[in-house]
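Written out below as structure tokens is the structure these notes cover.
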Amino acid sequence: MRRILVLNGPNLSRLGSREPDVYGSVSWDELVSELESMSSSTTSIDVRQTDSESEMISWLHEAIDESCDVVLNPAAFTHYSYAIRDAVAMVSQAELSVIEVHISNPHAREEFRHNSVIAGVSRGVIAGFGVESYRLALVALGVK
Ligand code: DQA
């Protein structure tokens, strides 16, 4: 069974009520069930969220140990976490895919959001399509 981890960073569990003009009205629980329903008899999709950098890093290590591709919304970690960048680099080095996703388009927002320290070690980046960004990333990984 192929396993894909969909990992989410800080504040994303507040989707639905957090800045709906930026992130839309789909709630976290709705997003989780929509993405997990893309699982099939051959692929399981495991959606998680953490506010902790340490927990995120342990999940990226798990991706290496269990050979899982990753869809990653690092949230604010995107812009400053070299520790997460280093963990993502190890996943990519293990010939697994990490696709960075964002609900909003960070390039159309405040200056500090324009830089991603993760993008350079990811396979690709999908941003700005609302929660559809996640589905597009799963399609890019071959999930139908
Ligand atoms: C985000 C964009 C980040 O800049 C922000 O810190 C987030 C969410 C997005 O999905 O659009 O928390 O990653």
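Odds and ends about this structure:
- Residue identified as under 14 Å from residue 118 (Cβ atoms), of a type in the set (S, T, N, Q), within 12 Å of the ligand (Cβ to nearest atom) and in contact with an Asp or Glu (Cβ under 9 Å, 6 or more places away or on another chain) among 73, 11: 73
- Residue within the range 48-57 that is touching a strand residue (DSSP E or B) at 6+ places or on another chain (Cβ under 6 Å), open to solvent by less than 30 Å² (accessible area, probe 1.4 Å) and either closer than 15 Å to residue 130 by Cα or within 16 Å of the ligand (Cβ to nearest atom) (or both) present: no
- Residues being among the hydrophobic types (A, V, I, L, M, F, W, C) and more than 16 Å from residue 92 (Cβ to Cβ) - total across the range 108-125: 2
- Within the range 83-104, the set of residues being within 16 Å of the ligand (Cβ to nearest atom) and either open to solvent by less than 40 Å² (accessible area, probe 1.4 Å) or more than 14 Å from the chain's Cα centre (by Cα) (or both) comprises 84, 88, 98, 99, 100, 101, 102, 103, 104.
The values are calculated or read from the model by the stated rules, or taken from the named source; none is laboratory data. This is a predicted model, so every value here is computed, not measured. Heads up, the Cβs are rebuilt from the backbone with ideal geometry, glycines too, and the neighbour counts pull from every protein chain shown. Note: accessible area is taken over every heavy atom of the protein model, side chains too, but ligands, DNA and RNA are not part of it. Shrake-Rupley method; radii C 1.70, N 1.55, O 1.52, S 1.80 Å.
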